[in-house]
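What follows is a set of notes on a single structure, which appears directly below.
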Ligand code: 13P
């Protein structure tokens with residue numbers, strides 16, 4: 001056996017032990033996609049599928065489909081949430097979804113501050129922080145999205161940008177409330193472009209974010225906040241990305257639309 005064979009065996013053992021032991025969050029953001037019929041057949045495919053006990057599957061569909069999710073996933077381990085919500089219980093807020101309605105339909109998670117909302121709908125950090133607050137107050141787990149654009153990545157300013165987004169997004173959250181927050185790092189330049197951040201870039205950035213969280217909020221809280229990666233994640237790259245340090249799971253757009261792909265990703269992350 002030569003040196004390369006031994007290295008390969010060692011590497012396979014490391015991959016196996018990471019995939020066997022680590023629990024991953026696999027969250028799907030459907031954005032503005034899917035017909036009613038497509039949603040029904042997706043739910044029929046996943047509702048009784050055995051995803052195992054290790055990973056957590058979360059899907060965020062367009063709002064009208066929450067009704068179907070509630071009905072079809074009642075006895076399933078697949079969880080679901082919303083892609084956005086407004087930080088009020090009810091009132092004159094045309095076109096918005098309240099946390100109260102989301103909760104009534106069984107949503108347990110809410111994606112907050114996605115880069116598409118920040119750039120296309122001018123959402124600012126203040127509004128994002130109010131949304132995070134209302135979620136935590138009402139037992140909906142916010143998935144706070146952060147991420148830099150290509151200019152910020154190229155200029156090297158991305159670290160400052162990411163730490164500002166976290167600090168501002170969590171400004172209304174204190175102490176133990178941080179246990180109920182998930183952060184998703186989604187570099188804008190890797191969303192929907194097919195261009196994934198390399199495992200080395202993901203590891204470097206996640207390690208930076210983890211260090212920031214520990215410094216800012218203390219070791220006990222900072223070390224445990226789940227940190228997802230998002231941006232062109234698919235079955236062909238998810239294993240390499242899962243091996244990057246401080247990756248607790250994934251926020252997946254395009255590849256979350258098909259039940260078979262979600263099942264495949266879960267299988268890969270379960271080392272099946
Ligand atoms: P893609 O996986 O399609 O790149 O989308 C990522 C994303 O924006 C998830 O929120």
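If you check 225, 182, which single one turns out to be within 26 Å of residue 45 (Cβ to Cβ) and either away from the ligand (no atom under 16 Å from the Cβ) or touching a residue at least 12 places away in the same chain (Cβ under 8 Å) (or both)? Reasoning before the result, please.
Values: 225 fails: within 26 Å of residue 45 (Cβ to Cβ).
Only one candidate passes the filter, namely 182.
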Legend entry - Single unsatisfied condition, residue 117 versus (1) outside any loop (DSSP other than H, G, I, E, B); (2) closer than 20 Å to residue 28 by Cα; (3) more than 16 Å from the chain's Cα centre (by Cα): (3)
Legend entry - Selected residue (only one of 181, 202, 238 is farther than 25 Å from residue 16 by Cβ and at pLDDT 95 or above): 181
Legend entry - Any chance residue 1 is at pLDDT below 95, loosely packed, with under 13 Cβ neighbours inside 10 Å and in a loop (DSSP other than H, G, I, E, B): yes
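Modelled with pLDDT of 95 or more, in a helix (DSSP H, G or I) and within 15 Å of the ligand (Cβ to nearest atom), is that true of residue 215?
On the way: modelled with pLDDT of 95 or more: yes; in a helix (DSSP H, G or I): yes; within 15 Å of the ligand (Cβ to nearest atom): no.
The answer is no for residue 215.
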Inset, instruction - Identify the single condition in (1) crowded, with 17+ Cβ neighbours inside 10 Å; (2) under 27 Å from residue 201 (Cα atoms); (3) within 16 Å of the ligand (Cβ to nearest atom) that residue 131 does not satisfy, given that it satisfies every other one. - result: (2)
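Mind listing whichever residues of the range 192-212 are buried (at least 23 other Cβ atoms within 10 Å of the Cβ) and more than 12 Å from residue 246 (Cα to Cα)? Please lay out each step first, then the result.
Going through the range 192-212, the residues buried (at least 23 other Cβ atoms within 10 Å of the Cβ) turn out to be 197, 202, 205.
Residue satisfying the conditions is 197 alone.
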Legend entry - Residue match in the range 247-269 (condition: at pLDDT below 95 and either touching a helix residue (DSSP H, G or I) at 6+ places or on another chain (Cβ under 7 Å) or within 15 Å of the ligand (Cβ to nearest atom) (or both)): no
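Check 160, 139 and return the single one that is modelled with pLDDT of 95 or more, surrounded by fewer than 22 Cβ atoms within 10 Å (Cβ to Cβ) and outside any helix (DSSP H, G or I). Spell out the reasoning first.
Details: 160 fails: outside any helix (DSSP H, G or I).
Answer to the selection: 139.
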Inset, instruction - Restricting attention to the range 55-67, report how many residues are over 28 Å from residue 19 (Cα atoms) and touching a helix residue (DSSP H, G or I) at 6+ places or on another chain (Cβ under 6 Å). - result: 1
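The values are calculated or read from the model by the stated rules, or taken from the named source; none is laboratory data. Since the model is a prediction, treat every value here as computed from it, not as a measurement. Positions of Cβ are generated from backbone atoms using ideal geometry, with glycine treated the same way; all protein chains shown enter the neighbour counts.
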